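> There's a structure below that I have some questions on.
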Amino acid sequence: MLRAPLIGLVASGLAQALANQVPFLTAPIHGWQDEYPDILDGEGSHEWRLNALPNPNATDHLVFETVHSLLQHWPNTRMRNGHNIVPGVIPTGTIFYHGTSLSELPQGLEWVATSPEHSYTFCQDELFEGPHECRLFTLATTRAIKVVYFDGNGAALIPFGTLDAQDLIVQGQPPPPLGQDVIRDEWKRAHGLCDWGKDFDVDGFVRMGVSFEVIICDFPSVIRVVSSMNLTLPGPHGSGYSRSFVPFESVHAGSWENHFPGDIRVHLDLARLVSFYDIQLAPSLTAIRAGQERWDHRAGNISSEDFLALKSRLEKSLAGSLGRSSGIDWMALIHIIVVRFADRFELMRYLLRSPTTDPDEVIDVANKTQTQLRIMLNPYLYLSAVPTDPSNKTALDWTVPIYKLCATTHTSFMESELNLMTESEQLIFRAVRGVTRETCRVVTKMWATGVYAGIDEKLNKKESLDIAEIIELRNIWVRELNRLMAWLDWNVWVKCNPVCDPEEICYLPTLPISGKSASRPFPKDPRGPRGILNNFDPRSTTLEDLSEMARNIVKHEPDEWIRPQPKCVRRVYPYDW
């Protein structure tokens with residue numbers, strides 16, 4: 001996140017108070033407490049304090065962002081360790097691809113990719129060198145197939161958290177420290193998932209690697225062949241151009257699903273979602289997450305008792321025994337909230353990016369920022385909500401009706417419908433309520449401080465301004481906005497800056513292909529001769545330890561792998577990433 005530097009007050013000469021000031025608006029005939037008594041019904045003003053920060057153990061923002069990120073490549077590449085398991089359906093007639101060195105369609109369990117570019121990677125040696133074929137099957141589903149989606153980078157075969165949720169399902173308990181060779185056990189994992197899913201008529205499992213893929217438990221029952229092509233190149237093979245396009249284009253294809261709405265081939269049922277961020281369902285993870293950055297959260301740290309409860313909820317949802325849902329479109333609701341605030345927050349961060357003591361620039365930035373704050377709050381600004389004591393800048397009770405209307409507009413009508421919601425929906429409801437409450441708290445507080453400073457166009461507009469006060473106001477705004485944006489951590493703010501050239505794409509280092517590692521794949525045995533994972537315990541290993549382990553696995557700059565940062569890379573030959 002942008003951390004704009006804070007500056008101190010300018011010299012007192014610059015901070016002169018000018019004499020003539022426009023007084024605050026005259027109080028209305030009826031105070032807002034009388035005009036809108038329902039605003040405080042059931043909750044006194046102490047429940048809506050503008051200085052009250054969220055509980056540090058709350059996960060509303062994490063549930064909100066991970067739900068909004070479902071089936072999107074960008075956020076699930078950035079935060080690789082998944083925390084949601086979601087039932088879904090893939091419709092009849094959906095096209096998939098399967099690359100193989102075999103000439104016949106697989107019988108039984110196998111993988112399919114959502115792009116042909118991804119499929120090439122599974123027979124690229126044959127594609128360029130032979131002696132076998134590189135055969136690409138284009139496939140279509142013959143009926144609607146029931147699937148379970150694991151979010152995060154669930155097809156990244158590494159022992160650092162991406163596979164936690166799957167291994168919990170297969171093993172029936174939290175995985176022991178490095179309990180299996182994650183690469184060699186991929187077939188065992190897939191068969192274990194399919195064996196578990198049989199009781200619930202699950203046909204496959206959706207995961208994300210360089211792009212999205214599906215483990216199909218029984219090919220003949222749900223798949224038919226559209227075409228079967230031998231792609232093996234005739235004559236001399238292995239030219240630099242031919243070889244280099246396969247890994248890059250597989251990642252490029254994945255980028256088509258980077259952002260909302262993501263991969264729309266999979267229809268998720270959010271009313272049946274289970275989340276490791278559900279404090280009621282998985283309280284054992286709360287203490288473990290305390291003090292951790294989000295990158296380091298692990299589903300595998302859950303207690304056995306909590307996991308059994310979570311698995312039971314998931315199985316009930318798959319069995320259809322959780323009852324009817326409310327019918328609310330939760331993804332649309334969450335996306336509307338993100339769209340409403342994300343762009344304006346980014347604009348305000350830009351406006352406040354550089355400190356200045358030039359009076360004209362100080363006032364210009366303050367006016368532009370206050371305008372953005374008022375625009376966001378405009379639907380909630382009661383005309384009767386005005387400062388009751390213009391001399392007391394800490395008196396913010398007058399903002400309570402504005403704050404509360406902003407915070408509850410998207411959820412207040414749902415309060416009476418809670419009994420119609422599944423437990424998963426109630427979790428999402430609480431997440432939306434928590435995020436809108438904190439967002440509106442900060443926006444309302446920032447706007448109110450601008451009102452007191454005299455820069456609001458409609459309320460307490462002053463003819464003369466105290467420049468030092470405005471500079472300090474800017475410092476306060478920077479602190480408030482940076483803290484809020486870091487807490488929300490919306491993936492829409494993670495982008496390449498400056499914007500990439502036409503021959504480039506914005507890229508997050510992607511497993512198992514990450515920059516200089518493209519020609520150095522993950523070792524077949526992580527515990528092999530190099531010993532990079534000897535004595536590795538994923539529950540106790542620090543980030544620094546993980547960085548050192550990753551250094552020789554993936555690339556020379558481990559932080560870029562563990563905490564992926566966006567960068568521009570070439571999208572045309574010669575590739576350089």
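> Give the ranking of 562, 363, 90 by solvent-accessible surface, highest area first, calculated with a 1.4 Å probe. Let's see the in-between values first.
On the way: 562 25, 363 45, 90 0 Å².
Result of the area sort, largest leading: 363, 562, 90.
> I would also like to ask the following. Please label the shape of the stretch 428-510 as rounded, prolate or oblate, based on the square roots a ≥ b ≥ c of the eigenvalues of the alpha-carbon gyration tensor (a/c under 1.5 means rounded; beyond that, a/b larger than b/c means prolate, else oblate). Before the final figure, lay out each step's value.
Working: a/c = 3.12, a/b = 1.59, b/c = 1.96.
Oblate, since a/c reaches 1.5 and b/c is not below a/b.
> Among 401, 386, 367, pick out the residue whose Cα is farthest towards the positive end of the charge dipole of the stretch 352-416, where Lys and Arg carry +1 and Asp and Glu carry -1 on C-beta, about the Cα centre.
The one lying farthest along the dipole's positive direction is 401.
> While we're looking at this one, here's another question. What figure, in Å² to the nearest 10, do you get for the accessible area of residue 404 with a 1.4 Å probe and non-protein molecules left out?
Per-residue accessible area (residue 404): approximately 30 Å².
> Please give every one of the lysines within straight-line cross-link reach of residue 198, meaning a C-alpha to C-alpha distance under 19 Å, and leave out same-chain neighbours fewer than 8 residues apart.
146, 188, 311, 316
> Same structure again: A 21 angstrom limit on the alpha carbon distance is what I want to check against. Which of 393/462; 368/404; 368/445; 393/445; 393/461; 393/458 exceed it?
Values: 393/462 15 Å; 368/404 25 Å; 368/445 16 Å; 393/445 11 Å; 393/461 15 Å; 393/458 18 Å.
Going by Cα-Cα distance, 368/404 fall outside the 21 Å limit.
> Give the cross-link partners of residue 567 among the lysines, using a straight C-alpha distance below 27 Å as the criterion and excluding same-chain residues fewer than 8 apart.
Straight-line reach from residue 567, under 27 Å: 495, 516, 555.
> Amide H to amide H under 5 Å from residue 422: which residues, 5+ apart in sequence or cross-chain, H placed 1.01 Å off N in plane?
326
The values are calculated or read from the model by the stated rules, or taken from the named source; none is laboratory data. Just so it is clear, the structure is predicted and the values come from calculations on it, not from any experiment. Counting neighbours? That spans all protein chains shown, and the Cβs are built from the backbone with ideal geometry, glycine included. Surface areas here come from the heavy atoms of the whole protein model, side chains and all, with no ligands, DNA or RNA. Shrake-Rupley method; radii C 1.70, N 1.55, O 1.52, S 1.80 Å.
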